[in-house]
Amino acid sequence: MKTYDDNNIFAKILRGEIPNDTVYEDDHVLAFRDINPQAPVHVLVIPKGAYVDMTDFSANASDAELTAYFRALAKIANLLGVEDDGYRLISNTGKNGEQDVPHLHVHIAGGRRLRRMLQPSED
């Protein structure tokens, strides 16, 4: 079982200890611009609850949290203006999935044509 780290950067953002460029917020979700964008539009969407990754979230979040999170992803894409031209949702999980922050987050990336997602490993 994975243990949630209350000192991860997203937990600190949720507590207001680190500023962010918020683009959307509701009772269950916070979305903000990535500080190192990989596309013209690059936003991180996090649940306000303490969930390590998608596996943890899907197993332990309430129905209200699950519904709010997935509905927010579409709302945010619309707010960002990428809904019509297309966008990518990315959620990395664990070491092999290249998850950098142990708090569930989905990247919304768009604003231009994106490259193919998976590249061969250099390992």
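Residue pairs whose Cβ atoms lie under 8 Å apart, sitting 6 or more positions apart in sequence or on different chains, and linking a residue in the stretch 46-58 that is under 11 Å from Phe10 (Cα atoms) and without any contact (Cβ under 8 Å) to a residue 24 or more places away in the chain to a partner that is surrounded by fewer than 20 Cβ atoms within 10 Å (Cβ to Cβ) and small (Gly, Ala, Ser), are Gly49/Ala61.
Would you please name the residue that is nearest to Arg115 (Cα to Cα), looking only at residues in the stretch 58-85 that are at pLDDT below 95 and exposed (fewer than 12 other Cβ atoms within 10 Å of the Cβ)? So the residue we want is Asp85.
Can you pull out every residue in the stretch 1-23 that is surrounded by 18 or more Cβ atoms within 10 Å (Cβ to Cβ) and among the aromatic types (Phe, Trp, Tyr)? Within the stretch 1-23, just Phe10 meets the criteria. Annotation note: Cβ proximity below 6 Å between a residue of the stretch 61-78 that is over 9 Å from Val29 (Cβ atoms) and a residue that is surrounded by fewer than 18 Cβ atoms within 10 Å (Cβ to Cβ) (sequence gap 6+ or interchain) occurs for Ala77/Glu83.
For the stretch 91-109, the set of residues classified as modelled with pLDDT of 95 or more and in contact with a helix residue (DSSP H, G or I) (Cβ under 7 Å, 6 or more places away or on another chain) consists of Ser91, Val101, His103, Leu104, His105, Val106, Ile108, listed by residue number.
The values are calculated or read from the model by the stated rules, or taken from the named source; none is laboratory data. Just so it is clear, the structure is predicted and the values come from calculations on it, not from any experiment. Cβ: placed from backbone, ideal geometry, glycine included. Neighbour counts: every protein chain shown.
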